[in-house]
Amino acid sequence: MNQFTRERRELVNKYFIETPERPGSGIWIALITVFIVPVIKGYLQASLSGGFLIIIGLTGIYIVIQQLRKIIKRYRAACNRGEPKATDKEMDDWLDIGCSEIVEEAKRRLGIENDDIIASPLMLDRPGAKSSVTSGNDGKLRFSHHDIFLLFLTTHKIAIYICAFDLEIGEILEDSTTEFALKDVTNLETRKVTMNAGISKVKGLQTLSLYTSGSNAISVDYLYPQDAENTIKAIRKLLQEYKDKYGNY
């Protein structure tokens, strides 16, 4: 692992660690002020009771300062665990680069050329089983490990590439490929679901199911991209055109 990868891994990892709020100083200033009062009174009294007031005041100030130092130490340690973190833009840029590389790797693994593809590839994404999940400053849900589903439609087949992508290091951890002849595909179906990702529940997911000859050939849960429905409609249309041209499945 090179220096760039180590730095990126740390930035991505810390992205999912909440940065603590800065401790308020008002209460501590008030407490110190409370203990300063007996010190002042003690100095103004040339008596034994004045000495006791000074001791009580200084002891209180010492205790408050020691507690404040512990809180500041814990705060700094918590900040170091969560900072510096990647920005929302850096997370998105790294994912965009990774997705572009995944598309090229998918075409290589499936043996598909650009001329073979007759519709825009359908890329679906969801958090991996062990992924960290959080919302960015922009409210967008992001996660550290991605399960990517990529569907290519060619003249006579549907080619599918599935991979586990680690955003921390920008690498594909594992992948698999599947192909279905268009004549065997009967339907594409979607429905809403909710899934668990670590301790978080991820809502806004859809399940895409592909059926062949009356059976469920493949099913995948995914975050619903804005263009997914249009792409799915396009695939259904092409499937229908294939059916009309070459006959029933």
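Points to keep in mind about this one:
- FRET efficiency for residue 71 and residue 92, using Cβ-Cβ distance with R0 set to 30 Å, rounded to 0.05: 0.25
- Cross-link partners of residue 85 among lysines, defined as those whose alpha carbon lies under 24 angstrom from its own and excluding same-chain residues fewer than eight positions apart: 14, 73, 130, 140, 201.
- Where labels lie 7 Å past Cα in the beta-carbon direction, separation of residue 62 and residue 49 in nm: 2.4 nm
- Net charge over other residues, Cβ less than 12 angstrom from the Cβ of residue 77 (K, R count +1; D, E count -1): +4
Laboratory data are not the source of any read-out in this text; all were calculated from the coordinates shown. Everything quoted here is computed from the prediction, not taken from an experiment. Quick reminder, even Gly has a Cβ in these numbers, built from the backbone with ideal geometry, and neighbours come from all protein chains shown.
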